[in-house]
Amino acid sequence: MLFLLASMEVEALSVRESQNEFLERLLMRIASADTDALEALYLATKSSVYGFARSIVKQREQAEDVMQETYVTIFLSAQQYRAQGKPMAWILTIVRNQSLMKLREARHFVDDYDIDVSQPQQDDFTQRSLDRMVLRTAIAVLAEDEWQIVSLHSLSGLKHREIAELLGIPLSTTLSKYRRALAKLQKALKEETIE
Amino acid sequence: MNSNELLEQRIARAVEAETPNVWDKILLRIEEETQNMTQDAALVTPLAPKRRAVRTWLRLASAMAAVLVLTCVCWGYVNLLPESTVNLDVNPSIELVMNRSEKVLSVTPLNEDAVQILDGMDLANTDLNVAVNALIGSMVKNGYLSELKNSILITVNSADSAKSLELQERLTEEVNALLGGYELEGAILSQTVSEDERLQGLASEHEISLGKAALVDLLVSQDETLDFSSVAALPINDINLLIAAKNASIEGIASSGSASSASYLSAQEIRQIACTHAGVTPESLTASEIEFDYENGRMVYETEFHCNGFEFEYEIDAMTGEILRYHHMGNRPVGNANGNGNLPSNQTTPPTQTTPSNESTSSATNGTIGLDKATELALAAAGVSMDDIVLVKQACYEKNGISICDIIFLSDTCKYTYHINAITGDVEAQYRNERHRGQNGHHNAGGNGRFYDTSSFIGIDAALSAACSHAGIQGEVSRLEWELDEDDGSYNYELEFVYNGMQYEYRIDALSGSILEWDIDED
């Protein structure tokens, strides 16, 4: 029921409202302990949160834990958010902190993603399998920081300046790693001969 | 959309598909946290404010501090307050902020190429002309400015409009002189801009300077075929070439010199490539046009020429000379490489992709496998038989010089789309979307909301018969292509075929068989 209400909430928004304005409105409501607003925020951002968390902690189960902790933290800390037009950067900073805490708890760094790396079936030619192939290739060939930058740019809509600030690296480094990462990925995909 | 954007889309979709739903767990955690907070609430005693003792010497120190602050503010007003901004755009994009004395306060690279140009140079506190000198020198040294690409865009932004204009003219002269020192003839575009929220938004979105955003905005507003994102990614030299090619109005932008096209093939070379492919000589052309354009992420030449009653159109990569698209039109004899009449005088073998034929529609023509064979291959690849499916589309087209057959059909559960190479029979691309029942009980093809309740449609044979009857055709037609299309809730057959040297196009209501639109033209 809450899921349906939250979905209706999302659909009822003005089409002219930008994503940032929408998220900031939700955060203001979450500051008043509005769980419907939190659910709407969750639906709008969960892929970005999950994708970024997984790029740090690698393991699916740990990324799920980080997702939960992130939204609980957002609920408890929403009143501290200052509307400056960067809600996504604020949310992803929480994700980063939670992910690093998760890694420290685990007391070891995981090198490998627990992603299904099997080749797609011969007759499985849907768009989904192509998307998975691109994702699998990106994780396999990109360095950890390259993958973080590309996934942030793909999923969360952050600009390079915001990504640089989030990751604590210079803008010029972000730009050069991003371009190098995409060139690497294009090359690897050509070698796999996808359509 | 460029290939990087497509990659990012795929990554986003893949992650979205594997993102788990943990909302219930989140809600449970919040309830637990809320209960814990209620149980563990602590009292907070506000600290009593401290009493402050005010002494005479403190008052004096405060007064002196105020004077010092005022002095610093005045000094800061002159020396630290930004007064003007200058953008230099080549492909590196650099922003310089100056104070009232034209001392550089900051230099910011706006893209990766600019990072290379700056290469650790510390230009803060230098005079503007010194900084510009260093930056132009670095651009020449790193090959961004050369005989092959000689264009630069200078944009000035200052609250003082008179000062902006003066600075714009002065910088143009200085940069011109600097380039002359490197024996380069520069093509300099210069402008003043004021703060504009819409343009600033575009600039931020595309990671370019405000000045370049203004230039791109001006160009795309005059040509619907150009889109902002694609042009914003081009170097200034290519944008400058497009401005000249399209005769675009650049009101408000001063321009000196001509953009270099030396990195691209010449118009003459392009004409020769097109003529060789068409089997004609440049001397035999009766009319021709050629111009630069930007298509699908690259600079291209578009050329059109006439020869002996034929019209030829080509789109050719301006750098490599690769033929991207071509189209030949005109009357030709049937299926005979050495035919009489309207063949160009020096052509012996017409290009196979465009030679018309009166052979049966579906069988192989001019080395292509034909629609029947393409359909057979598509069905085999999908593992279905003709009895299990409803055909929706059979059509051929050319893409990048390759003939492709589009075959679309529906089974009870899926919509299949195949792109078959018309020469080799290879499957170039294939898609399968699941169909699911909508609220009306009919099957919908996944993703686009279409539904095909084909049991009440007249069928392609009846549609063709209606078209031939309307056109007064009694014989067999050739090169039939058709598609079942949906337009605002109603379903129509769209047919194209050739008969007796004429090309016919029909749109026929799929339920009633009535003719909705038709056209006849010379093939």
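The values are calculated or read from the model by the stated rules, or taken from the named source; none is laboratory data. Predicted model, so just to flag it, every value in this text is computed and none were measured. Positions of Cβ are backbone-derived with ideal geometry, glycine not excepted, and every protein chain shown enters the neighbour counts.
Quick grid of which residues meet (1) in contact with a strand residue (DSSP E or B) (Cβ under 8 Å, 6 or more places away or on another chain); (2) of a type in the set (D, E, K, R); (3) in a helix (DSSP H, G or I); (4) more than 25 Å from residue B:205 (Cα to Cα):
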position: B:71; (1), (2), (3), (4): no, no, yes, yes
position: B:87; (1), (2), (3), (4): yes, no, no, no
position: B:121; (1), (2), (3), (4): yes, no, no, yes
position: B:129; (1), (2), (3), (4): no, no, yes, yes
position: B:132; (1), (2), (3), (4): yes, no, yes, yes
position: B:137; (1), (2), (3), (4): no, no, yes, yes
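Across the stretch B:7-38, what is the number of residues that are within 43 Å of the chain's Cα centre (by Cα) and acidic (Asp, Glu)?
The total comes to 4.
If residue B:207 meets every condition in (1) within 24 Å of residue B:147 (Cβ to Cβ); (2) among the acidic types (Asp, Glu); (3) within 14 Å of another protein chain (Cβ to nearest Cβ) apart from one, which number is that one?
(1)
Right, residue B:109: free of Cβ contacts under 8 Å to residues at least 24 places away in the same chain and either surrounded by fewer than 18 Cβ atoms within 10 Å (Cβ to Cβ) or not hydroxyl-bearing (Ser, Thr, Tyr) (or both) or not?
Judged against the criteria, residue B:109 is a match.
Output the residues belonging to the stretch A:134-164 that are facing chain B (nearest Cβ under 9 Å) and of a type in the set (D, E, K, R).
If the condition is that a residue be facing chain B (nearest Cβ under 9 Å) and of a type in the set (D, E, K, R), then A:136, A:159, A:161 are the ones that fit.
May I ask you to say which residue of A:63, A:44, A:33 is of a type outside the set (Asp, Glu), touching a residue at least 12 places away in the same chain (Cβ under 8 Å) and surrounded by fewer than 16 Cβ atoms within 10 Å (Cβ to Cβ)?
Only one candidate passes the filter, namely A:33.
Sort through B:201, B:180 and tell me the only one that's within 14 Å of chain A (Cβ to nearest Cβ) and of a type outside the set (S, T, N, Q).
B:201
Exactly one condition in (1) part of a strand (DSSP E or B); (2) at pLDDT 85 or above; (3) not aromatic (Phe, Trp, Tyr) is false for residue B:466; which is it?
(1)
Return yes when residue A:129 is part of a helix (DSSP H, G or I) and at pLDDT below 75 and no when it is not.
Criteria not met by residue A:129.
Please return the ranges of helices (runs of 4 or more DSSP H) entirely within the stretch B:187-279 where 2 or more residues are touching a helix residue (DSSP H, G or I) at 6+ places or on another chain (Cβ under 6 Å), aromatic (Phe, Trp, Tyr) and crowded, with 18+ Cβ neighbours inside 10 Å.
By residue number, no helices (runs of 4 or more DSSP H) qualify.
With closer than 21 Å to residue B:259 by Cα, without any contact (Cβ under 8 Å) to a residue 40 or more places away in the chain and basic (Lys, Arg) as the only criterion, which of B:149, B:141 stands out?
One residue alone meets the criteria, B:141.
To keep it simple, each residue is scored yes or no on (1) more than 17 Å from residue A:42 (Cα to Cα); (2) within 11 Å of chain B (Cβ to nearest Cβ); (3) of a type in the set (Lys, Arg).
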{"site": "A:58", "(1), (2), (3)": "yes, no, yes"}
{"site": "A:61", "(1), (2), (3)": "yes, yes, no"}
{"site": "A:67", "(1), (2), (3)": "no, yes, no"}
{"site": "A:71", "(1), (2), (3)": "no, yes, no"}
{"site": "A:75", "(1), (2), (3)": "no, yes, no"}
{"site": "A:84", "(1), (2), (3)": "yes, no, no"}
{"site": "A:93", "(1), (2), (3)": "no, no, no"}
{"site": "A:96", "(1), (2), (3)": "no, no, yes"}
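Looking at the stretch B:17-26 only, could you name the residues that are modelled with pLDDT of 90 or more and facing chain A (nearest Cβ under 7 Å)?
Of everything in the stretch B:17-26, those that are modelled with pLDDT of 90 or more and facing chain A (nearest Cβ under 7 Å) turn out to be B:19, B:20, B:22, B:23, B:25, B:26.
Name the pairs: first residue in the stretch A:87-106 and farther than 16 Å from residue A:22 by Cα, second residue among the acidic types (Asp, Glu), Cβ to Cβ under 6 Å, at least 6 apart or on different chains?
A:98/A:69
State the number of residues belonging to the stretch B:380-415 that are over 26 Å from residue B:505 (Cβ atoms) and part of a strand (DSSP E or B).
So the count comes out to 1.
Checking the conditions here, which among A:167, A:182 is facing chain B (nearest Cβ under 7 Å) and among the aliphatic types (A, V, I, L, M)?
A:182
Looking only at the stretch B:1-16, count every residue that is at the interface with chain A (Cβ under 7 Å from one of its Cβ atoms) and surrounded by 14 or more Cβ atoms within 10 Å (Cβ to Cβ) and tell me the total.
Final tally of qualifying residues: 10.
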